[in-house]
Amino acid sequence: MTIALYTWSIRLRAAHKCACETGMISSPAQKAVEYETLTITHNLDNSTSKYRGEPSPTIDAAWDELLQYNNIRVSSAELLVANLTSVALHDTPSGDSHLVTLDVYHTLHCVNRARKALYPAYYTSPNRPEVDRAHVEHCLDLLRQVLMCHGDVALHTYQWRDDVRVPWPTFATTHQCTRWDRIVDWSRGRSVESLEGSILQHPTLGVSYPVDEKRRAQGNEE
């Protein structure tokens with residue numbers, strides 16, 4: 001009986017490790033992944049979040065900081081393990097450097113794109129006079145797919161309020177989360193500061209982001 005319980009315990013721990021630590025895909029960032037439990041508060045009138053509210057330079061700066069390490073580099077060997085290819089970066093003597101983005105940054109970019117679509121008067125400009133509906137719809141459907149992929153099974157509970165007849169959601173849910181600071185630290189160490197100039201070149205069309213265009217090539221705006 002004791003041996004059977006011990007064997008079951010080992011199998012249970014192994015199954016937990018496979019599901020939460022090793023992953024089913026290959027990414028060099030996997031080594032940075034650590035888990036923690038967080039209670040996420042999401043009240044309708046939450047004024048404490050620096051990422052929401054009427055648009056302002058302060059909110060934009062918060063989003064820019066969140067997305068600042070979206071362009072990162074990996075080696076040929078790391079791509080090979082993942083069975084992937086990507087465009088080369090021409091800024092290292094060895095030439096063994098390739099441009100990638102962790103998918104979480106692309107997803108966050110999409111959240112930011114949808115946020116900006118709520119305020120077209122603030123975020124449109126002569127160069128971009130209208131909200132790019134196709135881009136926003138792409139982002140919304142991407143968010144749907146990502147949420148369904150991760151399938152968070154944390155329990156969302158309800159309560160009674162004296163002034164509301166229907167059950168009222170409890171806007172605080174405890175989740176198993178990837179430690180964001182670990183992802184940021186890993187990405188910072190591989191960050192590509194700028195894609196301007198000769199670092200990124202199309203095989204036949206030349207430099208992707210010429211310096212004389214007076215723009216900083218930010219992947220989160222493409």
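Every read-out reported here was derived from the displayed coordinates using simple, explicitly stated rules and does not represent laboratory data. Because the structure is a prediction, the values reported are computed rather than measured. When we count neighbours, we look across all protein chains shown, and the Cβ atoms used for this are built from the backbone with ideal geometry, even at glycine.
Rounded if a/c is under 1.5, else prolate if a/b is larger than b/c, else oblate: which is the stretch 150-207, with a ≥ b ≥ c the root eigenvalues of its Cα gyration tensor? Note, shape of the stretch 150-207 comes out prolate. Short-range pairs are left out: with C-alpha atoms under 8 Å and at least six residues apart, the relative contact order of the stretch 43-97 is 21 percent. Sorting 159-167, 94-102 by their mean Cβ neighbour count within 10 Å, with the most densely packed peptide first, gives 94-102, 159-167. On full extension, the segment bounded by Asp181 and Arg161 gains 3.5 nm, given 0.36 nm per residue less the C-alpha separation.
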